[in-house]
Structure formats: structure tokens, C-alpha cells
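> Pasting a structure below so you can have a look.
The values are calculated or read from the model by the stated rules, or taken from the named source; none is laboratory data. Worth saying up front: this structure is predicted, and the values here are computed from it rather than measured. Cβ coordinates were reconstructed from backbone atoms using ideal geometry, including for glycine residues, and neighbour counts include every protein chain displayed.
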Amino acid sequence: LSYYNVLEAETALLNLAAAFPAQADVVPLPNPTAEGRRSHALHLSTAPEAGRDAVVMIGGVHGDEWGSCEILLNLASDLLQAKALGSGLAYGPFGAKAFDVVDMDRLLEARDLILFPLVNPDGRRFSQDPESGDPQWRKNRNPKSSQGSSDRVGVDINRNFDFVFDLANFALGVGVSASVDSANGQYQGLFPHSEAESANVVWLLDRFEHAGWFIDLHSAGGVFQYAWHHDESQETQPGMNFRSVRANHQMGLSGAANYQEFLAAQDRAEMQRLAAEFANALAAVRGKVYGTGPGFGWGVYPGTSHDYAYSRHLSDSSKGKVLGFTCEWGRLEHRPDWAEMEKIIEDVSAGLIGFLLATLSK
Ligand SMILES: [Zn+2]
């Protein structure tokens, strides 16, 4: 056993839906990738969709972070098998972290789960190509901004979302982790949602408008982050926010009084609570301790998926509120050897189930 290639990952998703036709269905994403691949999400339809709040989980946004895809496929498989067998689930040595059948039933009754394991199949394929590829390839493979140069191919999907996209928002010299230069690994693209991959994620959030939570799986770092990721948050000045400020060169500074992003106190508290539940369930598997906190604690990142997901209800009052999270699993490497990856899959699966159960007691 080892990591899936792109075809195996797609096949695994389709096979799961075929094996559990009453409990899972395939959601085809509308936008084909630059290399013409059609992506699919898996919808765990264990109960009628109506009246259930949804959780959208995505992985494989960065081509070289292979294991996120396997984590989500494993989680889907575990949940579907538990449902079919009428059993609980256990992770780690001697089932160190166990979830009983009552909790599993409660979860699958109350939550609509949507898993999109491989957002960027072109990037993964390129990073898995030993001949002409690059194992460290993180972007997609869109040649549009390449001017014919192979080292200018691709966009960083997790900088392409429609949230503080204009880098002139940021103070000079703060070290923003995004670039307008297509040769950069964190190239943001020509405009928000310019890429098929990010547009597919947006489509999923629109399609499942009853989504209340969003989790994007990445590596590495051993952290579980929530909004905001572009600046420090504050809870006392609602008027100081990304909608009221444009191109002011003030964002991204730590400890700056001139700009801090508003975050409602109850949302901050709830994101903090859920992140802690994730970390607690994960730690129970084999003692790995993940850090939790606002993304800004780890750097200045515009255009990320979790900030976009959370900002949607603020930019457009017709959209529901989605609490947004990013997990950076693993400590050091994007592609740990498979024996370690199998352990990380157990860690993060348990963390995610702990998170999902915690959404039931909001
Ligand atoms: Zn990543």
C-alpha cells in the first residue's frame, strides 16, 4: 500500500459511492481542470438533506500534499462502513480513541457531509510524475500566465479565493505569503476564482447552501487554524473590516492599531471551541499535540479558502454563515513515508470526527 495516483483516488471515490448507493452519492464538479480532468465530491446522504446542516471538507488543494486526499477517502469509508455495520469507530493502538455507535448514528442523522478529497488533480499528477514532473509542485497546471515558460505554469489555489485578493491591502514589508508573479509558488492568479479548482470549491459552498462548517486539509505543521489568516482580529469595532477598507497598505501588521479585522466574539469562541475538540480527539489517538488558533498566528495569508468561506456571509447577507478551518497535518513533511502517513490518517480522522460531533452541541 502507498499513496494513490490520481486515477486511483478518483476510482476509490466512485467505488465508495457504488458500494454504498443508499448512503453516498457522487457530486460532479462543473469546472474541468486545465488538463481536462473532471472532479467529483462525495456526499454522504445517510438521511434526507433537508433540515440538516452541512459540513464541507476539502483536500488535495496543493499538488505535493498528497495525504489529505487519503485522509478524506478514509474518513468517508470509515463512516459508511460504521453506518452499514451499525458499529462505532476506533483509532490508534488498542482503539485508543473510540466513538460509540450512538454518537455515530447521531452524527450521520444530523449532519450532511460533503467530502471533496482531490481539488487539484493536475497538480498531484505532476508532483507524482517521476519523469518530467516535480515532487514539490503545489500549484495547479494552468498555463495561462506562463508566457510559454514552464516555470511560470500554475496558480496557488489557496491564494486564489475572493478574500482580500488585492495585495495593495497589505503593509509594505510584512512578508505576505502570496505573489502576483507567476514564477512564484504562491502565485495568486489573475483574479479571484480564476481557476477551475477554486471555482469548484465555491460551487460546492453555493450548492450546499446549508453548510455551516468548512475544513481544508493541508500539510505540514501540526496545527488546526481558523479565521482570520490575513490580519489580527478584534471584537469591538465592527466597522473596521475588509469590506470598508481597500488598498490602504495597512493589513498584515502585527499589533497595529490602524487595522485589525473584526471578528464577532461568539464566532471566535465557537471556532476556538471546535478547534480544541479537533485537537483533543486527535491527541487521544497516539498523543500528537496540534496547535490551534487564528491562521494569522502562522503568517500573513490572503485569498485562503477558510477565510473566504467564513467571509461569505459578511460580503453577501443572502449567504449563510460558514465557520472556516484549515488543518495542517503532520509535523515536517508534505509526503511522509506511507507507514507514518497511515498513522496520520488515523490521527486526523479521529480529530475530524471529534470536530463533527462537537458541531452537534453548539
Ligand atoms: Zn497546502
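> Scan the range 91-117 residue by residue and report those that are among the small types (Gly, Ala, Ser) and over 26 Å from ASP216 (Cβ atoms).
If the condition is that a residue be among the small types (Gly, Ala, Ser) and over 26 Å from ASP216 (Cβ atoms), then GLY95, ALA96, ALA98 are the ones that fit.
> Is there any pair linking a residue in the range 6-17 that is within 17 Å of GLN128 (Cα to Cα) to one that is among the polar types (S, T, N, Q) and surrounded by fewer than 20 Cβ atoms within 10 Å (Cβ to Cβ), with Cβ under 8 Å and at least six apart or on different chains, and which?
Here the result reads VAL6/GLN128, each pair linking the range 6-17 to a residue that is among the polar types (S, T, N, Q) and surrounded by fewer than 20 Cβ atoms within 10 Å (Cβ to Cβ).
> If I go through the range 345-362 residue by residue, how many of them are closer than 23 Å to PRO93 by Cα and more than 16 Å from the chain's Cα centre (by Cα)?
5
> I'd like the residue in the range 206-235 that is surrounded by fewer than 24 Cβ atoms within 10 Å (Cβ to Cβ) and within 16 Å of the ligand (Cβ to nearest atom) and, out of all such residues, is nearest to CYS327 (Cα to Cα).
Here the residue is VAL223.
> Sticking with this structure for a sec: Going by what's in this entry, would ASN241 be described as over 14 Å from the mean Cα position of the chain (by Cα) and surrounded by 13 or more Cβ atoms within 10 Å (Cβ to Cβ)?
Criteria met by ASN241.
> If you take the residues of the range 210-237 that are more than 17 Å from the chain's Cα centre (by Cα) and of a type outside the set (Ser, Thr, Tyr), which of them is nearest to ASP267 (Cα to Cα)?
Among residues in the range 210-237 that are more than 17 Å from the chain's Cα centre (by Cα) and of a type outside the set (Ser, Thr, Tyr), the one nearest to ASP267 (Cα to Cα) is GLU235.
> Checking the conditions here, which among ALA41, ALA34, ALA90 is away from the ligand (no atom under 16 Å from the Cβ) and either over 19 Å from VAL202 (Cα atoms) or hydroxyl-bearing (Ser, Thr, Tyr) (or both)?
ALA90
> Tally up the residues in the range 295-351 that are outside any strand (DSSP E or B) and within 16 Å of the ligand (Cβ to nearest atom), please.
Number satisfying all stated conditions: 22.
> Now for a different question. ASP162 passes all but one of (1) touching a Pro at 6+ places or on another chain (Cβ under 6 Å); (2) within 15 Å of ALA34 (Cβ to Cβ); which number fails?
Of the numbered conditions (1) touching a Pro at 6+ places or on another chain (Cβ under 6 Å); (2) within 15 Å of ALA34 (Cβ to Cβ), the odd one out for ASP162 is (2).
> Let me ask you something else. How many residues, within the range 286-321, are buried (at least 23 other Cβ atoms within 10 Å of the Cβ) and among the aliphatic types (A, V, I, L, M)?
1
> Hey, another quick one. Can you name every residue in the range 38-50 that is within 20 Å of the chain's Cα centre (by Cα) and assigned to a loop (DSSP other than H, G, I, E, B)?
Result: ARG38, SER39.
> Here's another thing I want to ask about it. Filter the range 130-152 down to residues that are part of a loop (DSSP other than H, G, I, E, B), more than 15 Å from the ligand (Cβ to nearest atom) and touching a Phe, Trp or Tyr at 6+ places or on another chain (Cβ under 9 Å) and give me whichever is nearest to VAL56 (Cα to Cα).
So the residue we want is ARG141.
> Here is a further query. Hey, any hits in the range 103-110 for a residue that's in contact with a Ser or Thr (Cβ under 6 Å, 6 or more places away or on another chain) and crowded, with 16+ Cβ neighbours inside 10 Å?
Yes, the conditions are met somewhere in the range 103-110.
> Quickly run through the range 156-173 and pick out the residues that are within 16 Å of the ligand (Cβ to nearest atom) and either assigned to a helix (DSSP H, G or I) or touching a Leu at 6+ places or on another chain (Cβ under 8 Å) (or both).
If the condition is that a residue be within 16 Å of the ligand (Cβ to nearest atom) and either assigned to a helix (DSSP H, G or I) or touching a Leu at 6+ places or on another chain (Cβ under 8 Å) (or both), then ILE157, ASN158, ARG159 are the ones that fit.
> Out of the residues in the range 72-83 that are buried (at least 23 other Cβ atoms within 10 Å of the Cβ) and within 14 Å of ALA12 (Cα to Cα), which is farthest from the ligand (Cβ to nearest atom)?
Across the range 72-83, the extreme among qualifying residues is ALA76.
> Under 9 Å between Cβ atoms, at least 6 apart or on separate chains: pull out the pairs that start in the range 52-71 with a residue that is farther than 25 Å from ALA110 by Cα and more than 9 Å from the ligand (Cβ to nearest atom) and end on any residue that is in a strand (DSSP E or B) and among the hydroxyl-bearing types (Ser, Thr, Tyr).
If the second residue must be in a strand (DSSP E or B) and among the hydroxyl-bearing types (Ser, Thr, Tyr), the pairs left are TRP66/SER219; GLY67/SER219.
> Just the residues that are charged (D, E, K, R) and without any contact (Cβ under 8 Å) to a residue 60 or more places away in the chain, please, taken from the range 122-133.
Across the range 122-133, the qualifying residues are ASP129, GLU131.
> Here are ALA257, ALA247, ALA279, ALA265: which of them is over 25 Å from LEU167 (Cα atoms) and either surrounded by 16 or more Cβ atoms within 10 Å (Cβ to Cβ) or at pLDDT below 95 (or both)?
ALA279
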